[in-house]
Amino acid sequence: MKIAVLGSGAWGTALSLLLQKNGHEVTLWSYCEEECSALRERGENKMLPGVPLPEGLPLTHREDVVAGCGLVVFAPPSYAMRQTALRVKPYLMPEAVLVTVAKGVEPESGLRMSEILAETLPGHPIAALSGPSHAEEVAREMPTGCVAACADRAVAEWLQGIFMNPSFRVYSSTDITGVELCGAAKNIIALAAGMAEGMGCGDNAKALMMSRALVELSALIKAAGGEETTCFGLAGMGDMIVTCTSPHSRNHMAGVAIGQGAQVAGALGERRAVVEGYYAAQSVTALAEKLGVRMPICRCVHAILFEGKNPSAALTELMLRDKRSEF
């Protein structure tokens, strides 16, 4: 199948390698010519050092890359999803399936990534692929599991066949709402867990953050019309575990730096790629308030990032909240 992967970051590059290895005709798209040239000259993505780009993998910055493609994979940063969709819109085949692998919620509209695609590119089947999937490991063919979600079960199951191979297992789901909200919120929790670690808290504190965050997330998913149990699967608990504990996680490591006293701008700026939790803290917190859902951990991360709240004070605030039942 002819496939375009839009976004040449670590995740887009890793998925391009995977799909090409699965026998598909894949082209990797960058947002500008300079980025394309840099990839060609280096022969690898700087965010995936030691993983060579195959000579047979075409690289382009042209929007007409999607022409004739049966599948288009959207892998830009969440804040660039709408712009990317509009750029390729004139060239899409009517029957093309669109799958988003970006994780976030648009701050201005409160829309998930699939909803942005549905609004800007109406009429196409739209799915989301998410789960505990560090690009560094997928690119090196290390065992990984994800979930393909689409309201149309047949499309989700079709995507399983496109992406699955001996090192990349894919499950199907019809709860695209829950899967996408999990993907957005887990980056916020990774920042929180990293801050706790940076402040010198132990594993108990990280486990507390992660467990209670799942409760917050299940309430948000239910209020948004999704299935509460989705947060206990690969897209929720699975992705949260890997993002909150791994040194590969940009969100976790940025949180560690903030917990150690670094200024927010500095902690984010020294990451080599986008720290999605920064944007998600705005959009997910706004969505929770709109839906009337209490998400105290997410709210505290928002206060630290955008209101200058001290991380230690935020932790104390969380620990001294009113007594309540666990569920």
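The values are calculated or read from the model by the stated rules, or taken from the named source; none is laboratory data. Source: prediction; values computed, not measured. Backbone-built Cβ (ideal geometry, glycine too); neighbour counts: all protein chains shown. Just the protein is used for accessible areas: all its heavy atoms, side chains included, with ligands, DNA and RNA removed. Shrake-Rupley method; radii C 1.70, N 1.55, O 1.52, S 1.80 Å.
Count Lys and Arg as plus one, Asp and Glu as minus one, and take only other residues whose Cβ is under 10 Å from that of P49; the net charge is then 0. Subtracting the Cα-Cα distance of S325 and S167 from their residue separation scaled by 0.36 nm leaves 52.8 nm. Computed with a 1.4 Å probe over protein heavy atoms only, the accessible surface of region 220-323 comes to 49 Å² per residue.
When each pair of different Cα atoms in region 1-91 is counted once in the 1/r mean, what is the Kirkwood radius in angstroms, to one decimal?
Working: mean 1/r = 0.0770 Å⁻¹.
It works out to 13.0 Å.
The fraction of accessible area contributed by carbon and sulfur in region 102-190 is 51 percent, rounded to a whole number (1.4 Å probe; ligands and nucleic acids excluded). On the basis of the beta-carbon distance and an R0 of 41 Å, S312 and T229 show a calculated FRET efficiency of 0.75. Kirkwood analysis of the Cα pair distances in region 116-222 returns a hydrodynamic radius of 15.6 Å. Calculated accessible area for region 1-115 comes out at 41 Å² per residue, all protein chains present (probe 1.4 Å; ligands, DNA, RNA ignored). When every Cα-Cα distance of the chain is counted in 20 angstrom steps from zero, the calculated P(r) takes the values 34, 57, 9 percent. Residue separation of E34 and R62 scaled by 0.36 nm, minus their Cα-Cα distance, works out to 8.9 nm of gained length. Global dimensions of region 126-184 from alpha-carbon coordinates: Rg and Dmax equal 11.1, 31 Å.
Hey, any idea what Rg/Rh is for region 44-115, computing Rh the Kirkwood way over Cα pairs?
Checking Rg against Rh, the ratio lands at 1.01.
Solvent-accessible area assigned to carbon and sulfur over region 214-276 amounts to 56 percent, based on a 1.4 Å probe.
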